[in-house]
Amino acid sequence: MRGGILLALTFVILCVLQQSSLHALGTPWASIPLLVIAGIIVMQRVGVEEGIAWFLVVSVMYGFDLYAFFLAIVGPLFLLRVFTTRSVYALLGLGVVVHALAGTLAILTETLLHRFFELSFLVVYRTGTLAMQTLLIVPGLFVGVILIRFVERNILNRVYFRAS
């Protein structure tokens with residue numbers, strides 16, 4: 001119960017931060033995929049089901065975003081088959097591979113849907129934006145892991161939640 005409430009609060013705070021603050025900054029800072037970084041960390045450290053739910057909610061929030069939908073599909077496959085350890089290196093590898101693969105699948109799917117069915121209501125990704133996000137995901141994951149460890153060691157160990 002405590003984990004679910006903290007996870008939902010974290011999602012809301014990061015969503016508000018990404019939508020309100022990061023877009024007001026300059027070019028490299030506005031391209032930071034904050035919800036994607038947090039979702040990959042949640043998928044590896046909290047659980048696969050929570051990570052899938054995280055990316056599905058992100059997909060629904062952005063009008064059925066195919067990129068987040070493919071992250072919900074591809075992420076658990078790579079996490080359970082290839083990057084099985086819980087190390088920082090496995091997290092960085094998982095983040096880069098899953099981000100690049102899901103972005104490529106989203107671009108291909110959106111291009112095919114637009115070409116054959118003239119659907120243009122989907123979110124259109126540019127390869128430049130995807131490349132910038134891929135470059136920023138590694139330092140973002142590294143800083144995210146450092147922040148998570150700081151919070152786990154210094155804050156969650158000192159705060160006691162009484163069981164209901």
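The values are calculated or read from the model by the stated rules, or taken from the named source; none is laboratory data. All figures in this text were calculated on a predicted structure; none of them were measured in a lab. Here Cβ is always computed from backbone atoms with ideal geometry, including for glycine, and neighbour counts include all displayed protein chains.
The condition (being touching a residue at least 12 places away in the same chain (Cβ under 8 Å), among the polar types (S, T, N, Q) and more than 19 Å from LEU147 (Cβ to Cβ)) is satisfied by just one residue among SER20, SER31: SER31. In a residue-by-residue description of segment 34-49, the property of being closer than 18 Å to VAL145 by Cβ and at pLDDT below 85 applies to no position. Taking the numbered list (1) without any contact (Cβ under 8 Å) to a residue 40 or more places away in the chain; (2) more than 22 Å from ARG149 (Cα to Cα); (3) touching a Phe, Trp or Tyr at 6+ places or on another chain (Cβ under 9 Å) in turn, VAL98 passes all entries but (1).
Annotation: of all residues in segment 80-105 being surrounded by fewer than 20 Cβ atoms within 10 Å (Cβ to Cβ) and among the β-branched types (Val, Ile, Thr), the one that is farthest from GLU49 (Cα to Cα) is THR104. Within the set PHE83, PHE64, the sole residue that is on the phi > 0 side of the Ramachandran plot and part of a loop (DSSP other than H, G, I, E, B) turns out to be PHE64.
Cβ separations smaller than 6 Å between residues 6+ apart or across chains give the following pairs from segment 56-70 residues that are surrounded by 18 or more Cβ atoms within 10 Å (Cβ to Cβ) to residues that are among the hydrophobic types (A, V, I, L, M, F, W, C) and outside any helix (DSSP H, G or I): ASP65/VAL123.
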